[in-house]
Amino acid sequence: MIKAHGYAAANPTAPLAPFTFERRDPGPHDIQMEILYCGVCHSDLHQIHDDWGGSIYPMVPGHEIIGRVVAVGTHVKTFKVGDIAGVGCMVDSCQHCDPCQHGLEQYCEEGATWTYNGRERDTGAPTHGGYSDVLVVKESFAVKVPPSLDLKAAAPLLCAGITTYSPLKHWQVGPGMTVGVVGLGGLGHMGVKFAHAMGARVVMITTSAAKGADATKIGADEVLVSTDPEAMARYKGKLDFILNTVPVGHDANPYMSLLKLDGTMVVVGLLTGLEPPLNGASLIFGRKSIAGSGIGGIAETQEMFDFCAEHGITCEVEVIPIQSINQAYERLVRNDVRYRFVIDMASLKAG
Ligand code: NAP
Ligand code: ZN
């Protein structure tokens, strides 16, 4: 076994603290990575706080992982020692169900194995994530990170990136479409960049007027402050598609009113309930749809990295030492991050 050092939550309310645990030795199909950077996703907070139920403690969060390959199993084909690899939200799946066969491992009928707060398929042992110094993972669940990308700014692509890229591709966002992105946070700012790069006109829909200038800089054509009823009325029926990244229960009816006939709003932010519930009228008048989308498959994650290399896309990040993680969480809750915290894992060695 390999001794790993990281930070873990002992229960839903304890601050994260140093934690030592074990990783398996790399098997024939595994790679071993020295973790360089790990992004801080709002899902980390949800799972630490057990917002979705069933959380497993102690929990080492982190699913936006970039590292250097330091060892490879005898059967590994795609990675060699020294390569830069990325690991997102999943480390395994059944590999034989229909979704897995179609590169949609996140929708595995047996349930994908999450990078942390999950259980290994064979042993049932808890999985631990990227707020740590070492990771052992099946090569088929790691992607190649193009060397041209700034690694610390590329780490959040593993979740914030793919979660926004995948629905924009699935709903064929492109030239001639006007796309709204709700919430300029970790996911939302990547949604703006991708929708812009795919050729759509982008309307950033935010509760924070002060973020407007940033939104424009990263590709938004227009900024709509959702707390301004007159501005919302001006955009009624103007959008073809909306990507909603809001992490908490909220009234989605006003957003639905922004859609054109046959428009779709895709929810990626919320796993719990809309509050108040969605009105039937919000769907009926204009034959509108609401849908959801979860991360993206491994092949699509690789495709997204190649798209990012081609278009020079990375994330806007604030790099922190792991020792600041609890303060970073407080700021994330206060909506005070522009636009993703990334942990520099070299800081772990500082103690
Ligand atoms: P984040 O960085 O905290 O950003 C969320 C943004 O939503 C905030 O910056 C804010 O933007 C807006 N917002 C916050 N509270 C709001 C409210 N009450 N009403 C309206 N807008 C509000 O979070 P994130 O890391 O992007 O994650 C967003 C959500 O996506 C989380 O719930 C996370 O668990 C989920 N997630 C889902 C998937 C998936 O596969 N579907 C993957 C990753 C994450 P403004 O200041 O611009 O309003
Ligand atoms: Zn995430």
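The values are calculated or read from the model by the stated rules, or taken from the named source; none is laboratory data. Quick caveat: nothing in here was measured; it's all calculated off a predicted structure. All Cβ positions, glycine included, derive from the backbone under ideal geometry; neighbour counts span all protein chains shown. What goes into the accessible areas is simple: the full protein's heavy atoms, side chains included, and nothing from ligands, DNA or RNA. Shrake-Rupley method; radii C 1.70, N 1.55, O 1.52, S 1.80 Å.
Taking R0 as 25 Å, what's the FRET efficiency between residue 289 and residue 101 from their Cβ-Cβ distance, rounded to 0.05?
Working: r = 27 Å, r/R0 = 1.06.
Computed FRET efficiency for residue 289 and residue 101 comes out at 0.40.
Residue 236: which lysines have alpha carbons under 24 Å from its alpha carbon, excluding same-chain residues fewer than 8 sequence positions away?
Output for residue 236: 193, 211, 260, 288.
Can you tell me the order of 284-291, 247-254, 302-309 when each peptide is scored by its average per-residue count of other Cβ atoms within 10 angstrom, highest first? Can you show the working numbers first?
Values: 284-291: 14.0, 247-254: 17.0, 302-309: 19.4.
Ranked from most to least packed, the peptides come out as 302-309, 247-254, 284-291.
Could you tell me the distance between the Cα centroids of region 65-121 and region 248-288, to the nearest Å?
The distance from the Cα centre of region 65-121 to that of region 248-288 comes to 33 Å.
Quick check for me: using +1 on Lys/Arg Cβ and -1 on Asp/Glu Cβ, what's the dipole size of the chain about its Cα centre, in debye to the nearest 20? Intermediate results must be reported in sequence, preceding the final value.
Working: 27 positive and 37 negative charges, 105 e Å.
That gives the chain a dipole magnitude of about 500 debye.
What are the trypsin sites (Lys or Arg not before Pro) within region 49-87 that DSSP puts in a loop, where the Cβ has at most 11 other Cβ atoms within 10 Å?
Details: sites: 68, 77, 80; in loops: 77, 80.
For trypsin sites (Lys or Arg not before Pro) across region 49-87 that sit outside H, G, I, E and B with at most 11 neighbouring Cβ atoms in 10 Å, the list reads 77, 80.
List the GluC sites (Glu not before Pro) within region 82-157 that DSSP assigns to loop and that have no more than 14 neighbouring Cβ atoms inside 10 Å.
On the way: sites: 105, 109, 110, 120, 139; in loops: 109, 110, 120.
The qualifying sites are 109, 110, 120.
With angles folded into 0 to 90 degrees, how steeply does helix 186-197 sit against the dominant principal axis of the chain? Use alpha carbons for both and round to 10.
Between the helix axis and the principal axis of the chain, the angle is about 70 degrees.
Using the Karplus curve 6.51 cos²θ - 1.76 cosθ + 1.60 with θ = phi - 60°, what ³J(HN,Hα) values do you get for each residue of region 312-328, in whole Hz, with x for Gly and Pro?
Karplus values, whole Hz, x for Gly and Pro: x, 9, 9, 9, 8, 10, 10, 7, 10, x, 4, 5, 9, 4, 5, 5, 4.
With the cut-off at 23 Å, tell me which of the pairs 169/238; 77/349; 77/138 have Cα atoms farther apart than that.
On the way: 169/238 20 Å; 77/349 31 Å; 77/138 11 Å.
With Cα atoms farther than 23 Å apart: 77/349.
Quick one: length gained pulling residue 49 to residue 271 fully straight, 0.36 nm per residue minus the C-alpha distance?
Net length gain for the segment: 78.5 nm.
What spacing in nm lies between the two simple spin-label points modelled at residue 309 and residue 17, each 7 Å away from Cα in the Cβ direction?
4.3
Considering only protein heavy atoms and a probe of 1.4 Å, how much of the accessible area of region 119-183 is carbon and sulfur, as a whole percent?
Values: 1160 of 2230 Å².
That fraction is 52 percent.
If I model a spin label at residue 227 and residue 260 as a point 7 Å from the Cα along the Cα→Cβ vector, what separation in nanometres do I get?
The answer from the label model is 3.1 nm.
Karplus couplings for region 143-157 from phi (6.51 cos²θ - 1.76 cosθ + 1.60, θ = phi - 60°), rounded to Hz, Gly and Pro as x?
10, 8, 9, x, x, 6, 7, 5, 4, 5, 7, 8, 3, x, 4
Just name one of 212, 128, 249: the one whose Cα is farthest towards the positive end of the charge dipole of the chain (beta-carbon charges, Lys/Arg +1, Asp/Glu -1).
Sorting the options by dipole projection puts first 212.
Counting only DSSP beta bridges with both residues in the chain, what percent are antiparallel, rounded to the nearest 5? Can you show the working numbers first?
Working: 34 of 61 bridges.
The antiparallel proportion sits near 55 percent.
Using r as the Cβ-Cβ distance of residue 331 and residue 74, and R0 as 45 Å, what FRET efficiency do you calculate, to the nearest 0.05?
Numbers: r = 45 Å, r/R0 = 0.99.
Efficiency computed from Cβ-Cβ geometry: 0.50.
How much mean residue ellipticity at 222 nm does the chain get from its helices, if each DSSP H run of length 4 or more adds -39500 (n - 2.57) and you divide by all residues, to the nearest 500 deg cm²/dmol? Write out the running numbers ahead of the final one.
On the way: 11 runs with 82 residues, N = 351.
So the helix-based figure for the chain works out to -6000 deg cm²/dmol.
Under 18 Å from the Cα of residue 3, which aspartates and glutamates turn up, not counting those fewer than eight places away in the same chain?
Correct list for residue 3: 22, 25, 30, 34, 120, 133.
Which aspartates and glutamates does residue 217 reach when only Cα atoms under 13 Å apart count, and residues fewer than 8 places away in its own chain are ignored?
Cross-link targets: 316.
Given labels modelled 7 Å from the Cα in the Cβ direction, how far is it in nm from residue 81 to residue 216?
About 5.3 nm separates the two model spin labels.
Counting pairs of alpha carbon atoms under 8 Å apart in space and at least six apart in sequence, what relative contact order in percent does region 182-257 give? Provide the component values of the computation, followed by the final result.
Details: 86 pairs, mean separation 24.2, N = 76.
Rounded, it is 32 percent for region 182-257.
Quick one: accessible area per residue over the chain, 1.4 Å probe, rounded to a whole number of Å²? Working shown, then result.
Working: 14600 Å² over 351 residues.
Ligands and nucleic acids excluded, the result is 42 Å² per residue.
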